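Asker: Sharing a structure below in structure tokens format, with a few things to ask.
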Amino acid sequence: GNFVAIATGTAHSLALRVDGSISCWGYNENDQAPPDGVPGNFVAIAAGARHSLALRVDGSVACWGDNENDQAPPAGVPGNFVAIATGTAHSLALRVDGSISCWGYNENDQAPPDGVPGNFV
């Protein structure tokens with residue numbers, strides 16, 4: 001219990017606890033849903049097809065799961081982000097300045113490596 005947010009991937013699920021840790025369940029072949037969960041001080045979660053993201057209190061992004069298309073770099077993504085989202089095999093993060101950072105699969109220009117400038121906040 002004590003969940004404050006939920007996210008679903010293709011066959012896995014995440015739930016953010018009030019204490020900032022993450023509970024995970026479902027398909028875990030790519031370590032996208034570790035059964036013991038993910039400890040940390042997180043404020044948001046997102047789930048792609050076979051990868052997961054979490055936004056830390058400090059604005060950086062933690063990533064785990066399938067990284068075949070660089071959608072979930074194991075070292076995470078540093079930055080001053082305020083929101084995160086995932087697609088099937090790509091990831092996005094909204095910066096505090098309103099611009100968007102993108103990484104992962106980009107065959108259809110869904111994740112331009114230079115990001116998306118603008119004031120989306």
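Asker: Can you say whether ALA33 is closer than 15 Å to THR10 by Cα, crowded, with 18+ Cβ neighbours inside 10 Å and small (Gly, Ala, Ser), as far as the supplied structure shows? Let's see the steps before the verdict.
Answerer: Working: closer than 15 Å to THR10 by Cα: yes; crowded, with 18+ Cβ neighbours inside 10 Å: yes; small (Gly, Ala, Ser): yes.
So ALA33 passes the test.
Asker: Keeping to the range 63-83, report how many residues are crowded, with 21+ Cβ neighbours inside 10 Å and assigned to a strand (DSSP E or B).
Answerer: Number of matching residues: 4.
Asker: For the range 88-107, check the following and say yes or no: at least one residue is under 20 Å from ARG17 (Cβ atoms) and either open to solvent by 50 Å² or more (accessible area, probe 1.4 Å) or without any contact (Cβ under 8 Å) to a residue 40 or more places away in the chain (or both).
Answerer: Checked against the condition, which is being under 20 Å from ARG17 (Cβ atoms) and either open to solvent by 50 Å² or more (accessible area, probe 1.4 Å) or without any contact (Cβ under 8 Å) to a residue 40 or more places away in the chain (or both), the range 88-107 yields no hits at all.
Asker: Taking GLY26, is it small (Gly, Ala, Ser) and closer than 24 Å to ALA111 by Cα?
Answerer: On the way: small (Gly, Ala, Ser): yes; closer than 24 Å to ALA111 by Cα: no.
Against the criterion (small (Gly, Ala, Ser) and closer than 24 Å to ALA111 by Cα), GLY26 does not qualify.
Asker: How many residues does the range 6-30 contain that are open to solvent by 80 Å² or more (accessible area, probe 1.4 Å), under 19 Å from ILE84 (Cα atoms) and hydrophobic (A, V, I, L, M, F, W, C)?
Answerer: 2
Asker: Among PHE42, PHE3, which is at pLDDT 95 or above and open to solvent by 30 Å² or more (accessible area, probe 1.4 Å)?
Answerer: Being at pLDDT 95 or above and open to solvent by 30 Å² or more (accessible area, probe 1.4 Å) holds for just one of PHE42, PHE3, which is PHE3.
Asker: Of the conditions (1) touching a residue at least 40 places away in the same chain (Cβ under 8 Å); (2) of a type in the set (Val, Ile, Thr); (3) touching a Leu at 6+ places or on another chain (Cβ under 8 Å); (4) over 26 Å from ASN2 (Cβ atoms), ILE84 clears all except one; give me its number.
Answerer: In the conditions (1) touching a residue at least 40 places away in the same chain (Cβ under 8 Å); (2) of a type in the set (Val, Ile, Thr); (3) touching a Leu at 6+ places or on another chain (Cβ under 8 Å); (4) over 26 Å from ASN2 (Cβ atoms), ILE84 misses (4) alone.
Asker: With the structure loaded, tell me whether ASP70 is under 16 Å from the mean Cα position of the chain (by Cα) and acidic (Asp, Glu) or whether it fails that test.
Answerer: yes
Asker: Filter the range 45-55 for residues that are open to solvent by less than 90 Å² (accessible area, probe 1.4 Å) and of a type outside the set (S, T, N, Q) and give the result.
Answerer: ILE45, ALA46, ALA47, GLY48, ALA49, HIS51, LEU53, ALA54, LEU55, listed by residue number.
The values are calculated or read from the model by the stated rules, or taken from the named source; none is laboratory data. What you see is a predicted model, and the numbers here were worked out from it, not measured in a lab. Cβ: placed from backbone, ideal geometry, glycine included. Neighbour counts: every protein chain shown. For accessibility, only protein heavy atoms count, side chains too; no ligands or nucleic acids. Shrake-Rupley method; radii C 1.70, N 1.55, O 1.52, S 1.80 Å.
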